[in-house]
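Report on the structure given below.
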Protein chains: 6
Amino acid sequence: MFSVTVRDHMMIAHSFRGEVFGPAQSLHGATYVVDATFRRATLDADGLVIDIARAADALRAVLGELNYRNLDDEADFAGINTTTEMLAKVVADRLADALGDSGLDGLAVTLHESHVAWASYERPL
Amino acid sequence: MFSVTVRDHMMIAHSFRGEVFGPAQSLHGATYVVDATFRRATLDADGLVIDIARAADALRAVLGELNYRNLDDEADFAGINTTTEMLAKVVADRLADALGDSGLDGLAVTLHESHVAWASYERPL
Amino acid sequence: MFSVTVRDHMMIAHSFRGEVFGPAQSLHGATYVVDATFRRATLDADGLVIDIARAADALRAVLGELNYRNLDDEADFAGINTTTEMLAKVVADRLADALGDSGLDGLAVTLHESHVAWASYERPL
Amino acid sequence: MFSVTVRDHMMIAHSFRGEVFGPAQSLHGATYVVDATFRRATLDADGLVIDIARAADALRAVLGELNYRNLDDEADFAGINTTTEMLAKVVADRLADALGDSGLDGLAVTLHESHVAWASYERPL
Amino acid sequence: MFSVTVRDHMMIAHSFRGEVFGPAQSLHGATYVVDATFRRATLDADGLVIDIARAADALRAVLGELNYRNLDDEADFAGINTTTEMLAKVVADRLADALGDSGLDGLAVTLHESHVAWASYERPL
Amino acid sequence: MFSVTVRDHMMIAHSFRGEVFGPAQSLHGATYVVDATFRRATLDADGLVIDIARAADALRAVLGELNYRNLDDEADFAGINTTTEMLAKVVADRLADALGDSGLDGLAVTLHESHVAWASYERPL
């Protein structure tokens, strides 16, 4: 199995609901350094899983719809805790939609919220 | 599949038995930067794999029983080479015990012994 | 000249005023991975610039007053753009106050706002 | 499942054929920081997946045949685009050949071409 | 003193002349991960050393004139070994020219050629 | 001013004397990832601060005399706390001796003891 990964980032505000979140129930924010991994069992005729420039553009477009936002104000996240793992799925699913019929076999997205914590979501395509 | 990872570290002394270890048969030491990855097929009601603070506390507690020790003096490791891969399993198994009935599906632990070498162990829960 | 650096982080929300900030004029947020560097021309009697545990505690205390906050709501920052470089100075000056008469010669603080951008402030003590 | 990873690097020149590659159709180059991961279901009698020194030597030998070369001039790559993902497979397959009958269960190789892009290939042994 | 740093990269081919370079006398290549640091004694009216977006654009423009090139073919480098330290000066000097009358006090550029080697050049402005 | 940095590592055991060290008074150990930075105002005739291979060899030789040792048993460190900052000076001074008449203007050595703590020593040559 082959994979290609590209890295970008977004900077958002949000808050969480639930006792488990402690001080993170207050409005705060995060930089998410985002790694998007594209998987494919065999390479295409050019020797690629996916063109890195195309992969980077697709990731930038998906993150651009979240970047510099307060996620508490986004209709898509009404009633949802935008945890790191939840956002990993949001980014992965939106990337899957954006890629369309790509010949890819799978996708994984990792969001690094700090140097000591990160979360991932992986799915088939 | 979702995952959440937290990072911490420990600093230990130890030595190895066996020709294969060469100069590492002498008493020396290591900083292990430890990544503990928790896997879960679906998120809980709060949108979490595991609360990052709880995950970090669990990892710190497990590492606290090894940190600042000479592993050659620990009864648990009598007759065992405390290689990086062996210690990855020790940390993973102790974390699994500490977590109890967690709803998690799996666990992986990576110990970085330097910027150019690391080892992992993964297991179901 | 000797130095010791410790790393920690904080997660905040904020917004900026001024055309130059473009989309960052909206409420958004950041994880700042913070490196605090303590400088001293000669080591103390224990062979230290500063005890790493004490340095880490001092940094955690200073970051704890900013962490999980919306900086737009903090009285200390009224009328101030809490840019990365400005916050580096805030953290450095608060650390200097907290350390008191420390025997240190200088201090530098770096805030990493992403994998591709960071800012620093350094000052004598 | 256990794994051990070692890191090394190589510095090569090459060019690509195909419109998709845009400016990378010109002769340019790359540093590939290479991670080789060795997998094994159970540890050997010494408590090892593979001796890290042996793993590092095997990786260095494989990279040594590519390092400081213009890959466009290498007979092995005639008519092939030496993309990052393709080279990950080349390194993995050559490592597999070099290891011979190793008791290992699998191998993965990741080539980092920059701080924002990398590619991997994994295979059983 | 304040500073702001932005990171980008370029991928080039080149060769060196001189016995000291050993196998690097052959045509090979490198990814340079480039950190450009802008220094200023006091912040401007917006609370900035330099706008990070402007800094990133300036660095991208300078690297864009080198990226995906064989530096052996560039007239600017005729008779010059394009070592990592030499290229750090080239990038710094071109950035200084591009910034014009910026109010900045200094500039430093670091080129990372691998995970184990990098070079820097710093100058006043 | 130009600089070149090379990275290597060593793995040692040691203990500290003094209440300030808390649990680190026990025999434990550390991996030190070591960055040696060589400074020079102007480049030599080859366009170099120092040949990276020569710099790496010099660093490896100095670390080789400490690697895989229990520093508590080394005569050179009798009565000395081998703190990270103290060892940074030891490595820097030994490197300076090894380099001899090098044309270099200065030297800095950083020892990373974990992902969250490091220490440096810099000196003229």
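The values are calculated or read from the model by the stated rules, or taken from the named source; none is laboratory data. Note that the coordinates shown come from a computational prediction; the quantities given were computed from them, not determined experimentally. Quick reminder, even Gly has a Cβ in these numbers, built from the backbone with ideal geometry, and neighbours come from all protein chains shown. Calculation scope for accessible area: heavy atoms of the full protein, side chains included, ligands and nucleic acids excluded. Shrake-Rupley method; radii C 1.70, N 1.55, O 1.52, S 1.80 Å.
Just to check your reading of the model, which residue among A:99, A:95 is modelled with pLDDT under 95 and either touching a helix residue (DSSP H, G or I) at 6+ places or on another chain (Cβ under 8 Å) or open to solvent by less than 30 Å² (accessible area, probe 1.4 Å) (or both)? On inspection, the qualifying residue turns out to be A:99.
Residues that are hydrophobic (A, V, I, L, M, F, W, C) and within 8 Å of another protein chain (Cβ to nearest Cβ) within segment E:95-125 comprise E:116, E:117, E:118, E:119, listed in sequence order. Of the residues making up segment A:37-72, just one is of a type outside the set (Ser, Thr, Tyr) and at positive phi, namely A:47. Those residues that are free of Cβ contacts under 8 Å to residues at least 60 places away in the same chain and more than 13 Å from residue C:7 (Cβ to Cβ), I need them from segment F:111-121; list them, please. Listed by number, the residues that qualify are F:120, F:121.
Within segment E:79-92, the set of residues being more than 14 Å from the chain's Cα centre (by Cα) and open to solvent by less than 50 Å² (accessible area, probe 1.4 Å) comprises just one member, E:81. Restricting attention to segment B:16-50, the residues being open to solvent by 20 Å² or more (accessible area, probe 1.4 Å), closer than 16 Å to residue A:121 by Cα and part of a loop (DSSP other than H, G, I, E, B) number 4.
Checking the structure you have, find out if any residue of segment B:10-33 is under 15 Å from the mean Cα position of the chain (by Cα) and acidic (Asp, Glu). Among the residues of segment B:10-33, not one is under 15 Å from the mean Cα position of the chain (by Cα) and acidic (Asp, Glu), which makes the answer no. Of all the numbered requirements in (1) open to solvent by 60 Å² or more (accessible area, probe 1.4 Å); (2) among the hydroxyl-bearing types (Ser, Thr, Tyr); (3) part of a strand (DSSP E or B), residue C:120 misses one, and that requirement is (1).
Take the residues in segment A:61-78 that are closer than 22 Å to residue A:124 by Cα and surrounded by 15 or more Cβ atoms within 10 Å (Cβ to Cβ); name whichever of them is farthest from the other protein chains (Cβ to nearest Cβ). Step through it out loud before you land on a result.
Taking segment A:61-78 first, the residues closer than 22 Å to residue A:124 by Cα are A:61-63.
Cutting the leftovers down to surrounded by 15 or more Cβ atoms within 10 Å (Cβ to Cβ) gives us A:62-63.
Details: A:62: 15, A:63: 12 Å.
Here the answer is A:62.
Exactly one residue out of C:30, C:13, C:24 is within 8 Å of chain A (Cβ to nearest Cβ) and without any contact (Cβ under 8 Å) to a residue 24 or more places away in the chain: that is C:24. If I go through segment B:102-116 residue by residue, how many of them are over 23 Å from residue F:27 (Cβ atoms) and open to solvent by less than 50 Å² (accessible area, probe 1.4 Å)? Looking only at that region, the number is 10.
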